[in-house]
1. Provide the gained length on full extension for the span residue 83 to residue 148, in nm with one decimal, where the gain is 0.36 nm per separating residue minus the Cα-Cα distance.
2. Can you sort 641, 245 by how many other beta carbons sit within 10 Å, fewest first?
3. Roughly how many whole Å is it from the C-alpha centroid of region 75-141 to that of region 348-386?
4. Could you list 227, 70 in order of exposure, starting from the residue whose Cβ has the fewest other Cβ atoms within 10 Å?
5. Please work out the Kirkwood hydrodynamic radius for region 3-193, using every pair of different C-alpha atoms, and report it in angstroms with one decimal place.
6. At a threshold of 8 angstrom on Cα-Cα distance, excluding pairs fewer than six apart, so keeping six or more, what relative contact order does the chain reach in percent?
7. Quick one: Cα convex hull volume of region 417-511, Å³ per residue?
8. If R₀ is 51 angstrom, what is the calculated FRET efficiency for the pair residue 134 and residue 224, using the beta carbon separation as r and rounding to 0.05?
């Protein structure tokens, strides 16, 4: 089918950038894509699923509709926003929103295509965003993540809720899974299932020293090095690129470094790579050991990619890999579900993962997601997906499991109690379910109910959750109001009325686990910073915490004594968790006392990317604690949380807070100004030689910021 046969204007077809539709795209058209039919597209990576979504939202836009595009990851949202921005040329208004889970973002109502994370979509529903009712098309990317225990329930609730309040067309995009037809039936959708792939994919297993394919001739690759290095060097010899998946960050870094030392580069490549290496090293104000190590590896044509890198470094590496500058990229498995980074050859070395109870094989679906990165559109006619084995026997076993094996079916994870707590409270708080029978009706519409045909298992857990929420005073049930000193037992009947209390509604809006909220409310009497940090670290949202090594135990317990903190009287496992929470609190405290990223890496083994992720979580929990304290009339403690939040965000001592409130003044510049006896906005206004300290450009922007701030204050004063 030719693209010009689509019922779309010529300028739209031109922006799509295709002349002919491929088989899955043709099938989607025939099954009603342009006629507002719900579709589940289940096909391999790089088979053109995203183009199907683009055709759908372009048609929806031309018909005056509004599209909500759901993605599981923030990085994926940014990638989609960049890819779709070309359609602004048509007049389409495109927005992205993945942060601030405490807002209805009414401004989004002015946009035609709204790209959000699943959690942001859930938050918008909790806040009653008025424009959500106007959504006429909903696209759910990576819908197979319904199977993910941490992300799946939120996606399932969002889809169920949106089907309840809108008449949206639904387009769900999925990897090839066993039971995609089941998801299609749940969504009242037609299934488009295909094995089509524009780039032929060859699956193989490499073991000493044979690369054996299931669908083409085997080749020998011999040498004295480890298998992944031999494959990497063979890839470069063929003037291609390889993406290597490994189980841990440490393995990814060590493997990239090892291969980098064995690569030969041209002078031109060395020159270009040195520029990228400098950018990587200078991504932070003060380079850490990790920054320097990564820069050395990048300069040699390799890189590693994991959550320990900061966003700027990840972008440099991704762009350099896409351009062909970086030849070999080692990564942890999370990259397979994230940004689009195809390469000619994909190598999977580690197929076992530690789960807390020993190691186990990773799912077939996950390995196939990694395989899907093999083959670069517009560059390759074929790609190679290779498992690395140590023996011929292991090679046979891996081939049987991951090449010949079927991906696992997808199962709803909605019955997990921690997720149920959050979603049940949210449903009651936004008044979408006002009785137990309405709750039952809602859950009967979920994928869980469709799969199992009986929701008694879920409702038994829902009843338990309702009693728990009532004991926290987050909901009222029936005619009984929860007194301050007695929580009456209650019988849950179908017509039991359910209503969120003022504090319960706020907990739902703040997007935190009710258990965490209850814990913080109970422990708000603390006024010591370490105690407050320890408190938030004991909430589920702050996991994983920093592990306490056996050699650190005496030192950590000594710090407990120094800070006057008495450990709880609990069993060993809980005590270990408490010590981990305390160690994480010490790390935050060191950050707030202006210890640099490199020192924190040395002292706590925490890489910058991981540090910033934990800081963001801590900032959100401190914000939530502040909001709850304020609502409970505890203004003094709310002020402490607010101040602590600012210090966590900026990594400064309390004395620098007046300075870091000014744009372009961070922790380093604020400390520099302090040393020059500039300690407030008033001092900045009076100081004449700011250029000598900060440079002319920064000094000018700061003076302009102060002037704007002063003007706002004058106008505010005149209004009052």
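1. Between residue 83 and residue 148, full extension yields 20.8 nm more.
2. Result, fewest neighbours first: 641, 245.
3. 31
4. Ranking 227, 70 by Cβ neighbours within 10 Å, fewest first, gives 227, 70.
5. 16.6
6. 11
7. 90
8. Working: r = 65 Å, r/R0 = 1.27.
The computed FRET efficiency comes out at 0.20.
Each value in this text was obtained by applying a stated rule to the coordinates, not by laboratory testing. These numbers come from a predicted model, not from an experiment. A quick note on method: Cβ atoms are made from the backbone with ideal geometry, for glycine too, and the neighbour counts reach across all protein chains shown.
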